[in-house]
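**Q** There's a structure below that I have some questions on.
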Amino acid sequence: MSTPLQLYRADIQEKGHVEDPQQAEAIAALDQLYLNIERGEVAEGASLYLWGPVGRGKTYVMDCFYRALQGRAQRLHYYRFMQYLHQQLRVFQGNKDPLVLVAKELLKEHKVWCLDEFFVSDIADAMLLGRLLKVLFEQGLILVTTSNIAPSELYRDGLQRDRFLPAIAMLEQNLQIISLLGDTDHRLTKGQHFNNYYLEGGSSGLSANEQVLQRFYSDAGDRSVSRNLALDIESRTIDCLYQCDDLYCFSFQQLFVGPRSANDYIALSKIASCIYLLDVPQLGGVLNERKVARGTEDTYNINQRVANRPFVMAKGDDEARRFISFIDEMYDQRTGVVMAAAVQLPQLYLGGRVEFEFQRASSRIIEMQSEQYCSIDR
């Protein structure tokens, strides 16, 4: 049985992993937490919060810890955690204190949780997470989580953020906060050639869409291809252009325009090994103020509503936000994504409300180009 540090060193020696001094503090803390768990000596405040820019290895070092525990921990992406949380809340709805019952259910099998990409963007989820995490820590939760931002910056500029400040204080009190702020984006070194990102005017002379369709049929081989399907995803219909076993081809509009949520992409990741996207446009641009109401794509609890409120967004930010959720889920599940894009990746998003989050999506798209993407441990 290997410790996180031993797994980290083995990856350097055997898999060509690049040793990064900025990861040293994180892997040492994870190794110590692992040893304390093995000895049954975990003290209060032992949980870890790993944060830093995209591509610095936060998920990788957390997964060294998860691999070392060999099934004695639960690992989920933030989206899947929130989906599971709201499912459990519905199960215990009507009880005196459903959050306590949900917390006990969450900890029934595993006291150790690894939560990837912690990010709060919704006031209802912000309040819910704050209350739930307090109960979980009181009942012995050991949490290792990653994020692109420090706890103090969570839900920054969000609606009624002052109501979330006690939750931030609780996180800072219960978690050891470690930053990974190195200059190297390790994903860039893995995806040097863009094998799954097609543009107009390729060497074949075909359009970007034609190149992606050619790739789809090549991957399908001699297998039968169905066309113009209506898929039942999360009790809603999503049209699909082409499907062959676990290969699915959609237009950008089919997946990202209209009432879509992270739950849709979670469901897709369960049935697809590769998704092919046509007509991916340039997103973002000029900011403008408009009124939006909470809806099905803003949250996992679709029964809650808040009043209409002014919100500054750029044209295409709704679609960009869904696209980010899609990339996050496909990356987490190591599902292939092949896309026909209007512009080079650095110009895919022109700026707007989700500029920070789109940086993560861009970095992940780059790594998705590599041959190692579907074989590496995460």
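Read-outs: derived from the displayed coordinates by stated rules, not from any lab. Just so it is clear, the model here is predicted, and its values are computed rather than measured. Cβ sites come from the backbone with ideal geometry, for glycine too, and all protein chains shown count toward neighbours.
**Q** Among Leu115, Gln32, Ala341, whose Cα projects farthest towards the positive end of the dipole of the chain, with charges put on the beta-carbon of Lys, Arg (+1) and Asp, Glu (-1)?
**A** Comparing the listed Cα positions along the dipole, Leu115 ranks first.
**Q** How large is the helix-only mean residue ellipticity at 222 nm for the chain, computed as the sum of -39500 (n - 2.57) over DSSP H runs with n ≥ 4, divided by its residue count, in deg cm²/dmol to the nearest 500?
**A** Rounded to the nearest 500, the figure is -12500 deg cm²/dmol.
**Q** Suppose R0 equals 45 Å; then what is the FRET efficiency for Lys15 and Gln93 from their Cβ-Cβ distance, rounded to the nearest 0.05?
**A** For R0 = 45 Å, the calculated efficiency reads 0.45.
**Q** So what is the relative contact order for region 1-135, in percent, with contacts set as C-alpha pairs under 8 Å and at least six apart?
**A** 25
**Q** Using the Karplus curve 6.51 cos²θ - 1.76 cosθ + 1.60 with θ = phi - 60°, work out ³J(HN,Hα) for each residue of region 90-96 in order, rounded to whole Hz, and write x for Gly and Pro.
**A** Once θ is set to phi - 60°, the couplings for region 90-96 become 5, 4, 9, 4, x, 6, 4 Hz.
**Q** Now, a different point. For the chain, build the charge dipole from Cβ charges (+1 Lys, Arg; -1 Asp, Glu) around the Cα centre, then report which of Gly352, Val91, Gly130 sits farthest towards its positive end.
**A** Toward the positive end, the furthest listed residue is Val91.
**Q** Which of Gln23, Trp51, Gly140 sits closest to the plus end of the dipole of the chain, meaning its Cα is farthest towards the positive end, when Lys and Arg get +1 and Asp and Glu get -1 on the C-beta?
**A** Gly140
**Q** Then there's this: Which of rounded, prolate, oblate describes region 4-179, given a ≥ b ≥ c as roots of the alpha-carbon gyration tensor eigenvalues and a/c under 1.5 marking rounded, otherwise prolate only if a/b is larger than b/c?
**A** prolate
**Q** Which of the residue pairs Lys96/Lys134; Lys15/Lys270; Lys58/Lys134; Lys111/Lys134 have a Cα-Cα distance greater than 22 Å in the structure shown?
**A** Lys15/Lys270; Lys58/Lys134
**Q** Quick check: pseudo-label points 7 Å beyond the Cα along Cα→Cβ at Arg161 and Ala230, how many nm apart are they?
**A** Once both label points are built, they end up 4.5 nm from each other.
**Q** Charges at C-beta only: +1 for Lys and Arg, -1 for Asp and Glu. How large is the resulting dipole of the chain about its Cα centre, in Debye rounded to 20?
**A** 900
**Q** Leaving out same-chain residues fewer than 8 places away, which aspartates and glutamates sit with a Cα under 14 Å from that of Lys104?
**A** Cα-Cα hits under 14 Å: Glu138.
**Q** In addition: Which value, in debye to the nearest 20, gives the size of the charge dipole of region 4-179 about its Cα centre, when Lys and Arg are +1 and Asp and Glu are -1 at the Cβ?
**A** For region 4-179, the charge dipole is close to 520 debye.
**Q** By DSSP, what percent of the beta bridges with both residues in the chain are antiparallel, rounded to the nearest 5?
**A** Approximately 35 percent, going by the DSSP bridge assignments.
**Q** Using unit Cβ charges (K, R positive; D, E negative) and no other charged atoms, how large, in debye to the nearest 20, is the dipole of region 195-271 about its Cα centre?
**A** 80
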